[in-house]
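Below is one structure, written out as structure tokens; the observations come after it.
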Amino acid sequence: MDVVTTVIVAAATASGLLSATTQLHDPVQWNKGSGPVQMKKGLPNPPGWYRAAVGKRPQEKVLFLTFDDGPSGLTRGLLKSLKKYHAHATFFVTGNSSQSQRKLLGKMRKQGHAVGNHTWSHPRLTSVPTRRVKSELGRTSRVIGPAASPCMRPPYGLINERVARASLAAGLQPVLWTAHIEDWAPHSLSWTIQRLHAATKPGAVILMHDTHPQTVAAVRAVLPRWSKMGYRFAVIPACETS
């Protein structure tokens, strides 16, 4: 285990975010991740992030639905759909979108969802000074308040040793994704639904945004299909609160 990894693991241990098994067997090599080939596919790939955030890849039919960049005017409708199918999700919210939506954040937490940190203004954290990384995360955590979960998602999936160290020192486990539906681009509803079906695999961490109408509509359409297939919908384990 190199010095940087040791620092990261120590910080995570102090925050109670990593188990002894994870520390010994699956240190996250943030400096090895986000390679150009994978990032062209939109799939950040630092070795060990999944194990640190989720654990061993489950064989059972469970999906980890995640939504970034909200809350927005679409979030309440999405919450209704999720509640109908007893689905729990992980929301990575921005501080500037959340500051006037604190009651909604509380509702999300009350319904069993996790509310993670997605920074204040969605910068490329690897390109800003460490002091700003800390500020972006700290301001957002204060806005989320009692609803906060101990996890964060770096905007654009961009993370390195320095950003990981600052996040873990703040008590926030970085969480990335295994699949996405490209909902930041203007696609049709049918195309978006097809992407969700393609992403459906046991243990998949699916990246979406609750800021796009076609995403909310697609999730509403696919939830009953997923349920019939026997899937359940869980919060990212690292984002769970007691």
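The values are calculated or read from the model by the stated rules, or taken from the named source; none is laboratory data. A quick note: this is a predicted structure, and the numbers were derived from the prediction, not measured. So basically every Cβ, Gly included, is an ideal-geometry build from the backbone, and we count neighbours across all protein chains shown. Areas reflect the complete protein model, heavy atoms only, side chains present, ligands, DNA and RNA absent. Shrake-Rupley method; radii C 1.70, N 1.55, O 1.52, S 1.80 Å.
Do we have VAL216 as modelled with pLDDT of 95 or more and more than 30 Å from ARG131 (Cβ to Cβ) here? So that I can check it myself, show each step before the final result.
On the way: modelled with pLDDT of 95 or more: yes; more than 30 Å from ARG131 (Cβ to Cβ): yes.
For VAL216, the condition - modelled with pLDDT of 95 or more and more than 30 Å from ARG131 (Cβ to Cβ) - is met.
With a requirement of 3 or more residues that are of a type in the set (D, E, K, R) and out of contact with any helix residue (DSSP H, G or I) (no Cβ under 6 Å at 6 or more places or on another chain), the helices (runs of 4 or more DSSP H) lying completely within the range 115-208 that satisfy it span 130-144. Only one of the numbered conditions (1) open to solvent by 30 Å² or more (accessible area, probe 1.4 Å); (2) touching a strand residue (DSSP E or B) at 6+ places or on another chain (Cβ under 6 Å); (3) of a type outside the set (Asp, Glu) is not met by THR130, and that is (2). Scanning the range 153-200 for residues being within 17 Å of the chain's Cα centre (by Cα), surrounded by 21 or more Cβ atoms within 10 Å (Cβ to Cβ) and among the β-branched types (Val, Ile, Thr) gives a total of 4.
One line per residue, one yes/no per condition, for (1) open to solvent by less than 60 Å² (accessible area, probe 1.4 Å); (2) assigned to a strand (DSSP E or B); (3) at pLDDT 95 or above; (4) touching a helix residue (DSSP H, G or I) at 6+ places or on another chain (Cβ under 9 Å):
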| residue | (1), (2), (3), (4) |
| --- | --- |
| VAL4 | yes, no, no, yes |
| ILE8 | yes, no, no, yes |
| THR22 | yes, no, no, yes |
| ASN31 | no, no, no, yes |
| SER34 | yes, no, no, yes |
| GLY42 | yes, no, no, yes |
| PRO46 | yes, no, no, yes |
| GLU60 | no, no, yes, no |
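Does THR211 satisfy the criteria of being more than 25 Å from LYS56 (Cβ to Cβ) and part of a loop (DSSP other than H, G, I, E, B)?
Considered against the rule, which asks whether it is more than 25 Å from LYS56 (Cβ to Cβ) and part of a loop (DSSP other than H, G, I, E, B), THR211 comes out as yes.
Checking each residue in the range 222-242 for being open to solvent by 50 Å² or more (accessible area, probe 1.4 Å) and without any contact (Cβ under 8 Å) to a residue 60 or more places away in the chain picks out ARG225, LYS228, SER242.
Answer with yes or no whether THR130 is hydroxyl-bearing (Ser, Thr, Tyr), touching a Ser or Thr at 6+ places or on another chain (Cβ under 8 Å) and farther than 26 Å from LEU196 by Cβ. Explain how you work it out, then say what you get.
Working: hydroxyl-bearing (Ser, Thr, Tyr): yes; touching a Ser or Thr at 6+ places or on another chain (Cβ under 8 Å): no; farther than 26 Å from LEU196 by Cβ: yes.
The answer is no for THR130.
Look at (1) open to solvent by 20 Å² or more (accessible area, probe 1.4 Å); (2) touching a Lys or Arg at 6+ places or on another chain (Cβ under 7 Å) and you find that PRO150 fails only one, number (2).
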